[in-house]
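Structure first, commentary second.
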Amino acid sequence: MGANRSTAPVAFINLPYARRYEKVYLAFIVGVSGYGLVPTAAVRDPSSRYQLDRIFELIRPRIHDISPESVLGCLMNALARQKHQPTFANLRAIYTVVEKMAQRIKRDYSNDLFDTRPFADLAYVASEAAQLHIPSLVR
């Protein structure tokens with residue numbers, strides 16, 4: 001049906017795995033999926049959390065303001081040369097679907113979106129929603 005996930009380019013998501021970054025995390029999953037990339041992350045590595053916090057704080061003033069809209073806008077600029085060019089409205093629609101899934105995950109089986117299973121579920125839903133909202137992703 002859509003792009004083959006096994007041959008699609010991979011985008012590594014690296015940010016602090018803390019509750020205050022959940023919406024940014026969802027936005028990164030949505031944004032890379034919207035460009036036909038497969039999101040991947042080194043989820044739940046508590047030993048590196050503090051280092052990631054420091055790196056994120058150093059980079060954050062230069063990238064976005066920790067809002068989903070800002071992250072999506074920055075990804076649109078960073079990925080402007082990609083084949084697939086979703087609109088901001090496309091990415092926002094995908095974000096809405098993924099955010100609902102995040103709420104369902106928290107209600108049904110995990111309060112921590114940064115674990116392996118929640119990440120896999122969020123990435124899958126983002127990929128499916130991206131194919132629904134971005135016509136160039138459907139073959």
Exercise. Restricting attention to the stretch 97-114, report how many residues are acidic (D, E) and within 15 Å of I29 (Cα to Cα).
Key: 1
Quiz item: Can you name the condition, by its number, that C74 falls short on among (1) modelled with pLDDT of 90 or more; (2) surrounded by fewer than 20 Cβ atoms within 10 Å (Cβ to Cβ); (3) within 13 Å of the chain's Cα centre (by Cα)?
Solution: (1)
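Matching residues to (1) of a type in the set (D, E, K, R); (2) over 16 Å from the mean Cα position of the chain (by Cα); (3) modelled with pLDDT under 95:
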{"site": "H64", "(1), (2), (3)": "no, no, yes"}
{"site": "P68", "(1), (2), (3)": "no, no, yes"}
{"site": "I94", "(1), (2), (3)": "no, no, no"}
{"site": "S136", "(1), (2), (3)": "no, yes, yes"}
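How many residues are part of a helix (DSSP H, G or I), under 23 Å from S67 (Cβ atoms) and either of a type in the set (D, E) or touching a residue at least 60 places away in the same chain (Cβ under 8 Å) (or both) if we restrict to the stretch 91-117?
Residues in the stretch 91-117 being part of a helix (DSSP H, G or I), under 23 Å from S67 (Cβ atoms) and either of a type in the set (D, E) or touching a residue at least 60 places away in the same chain (Cβ under 8 Å) (or both): 6 in total.
The values are calculated or read from the model by the stated rules, or taken from the named source; none is laboratory data. These numbers were taken from a predicted model, which means no experiment stands behind them. Note that we place each Cβ from the backbone using ideal geometry, even for glycine, and neighbour counts take in every protein chain shown.
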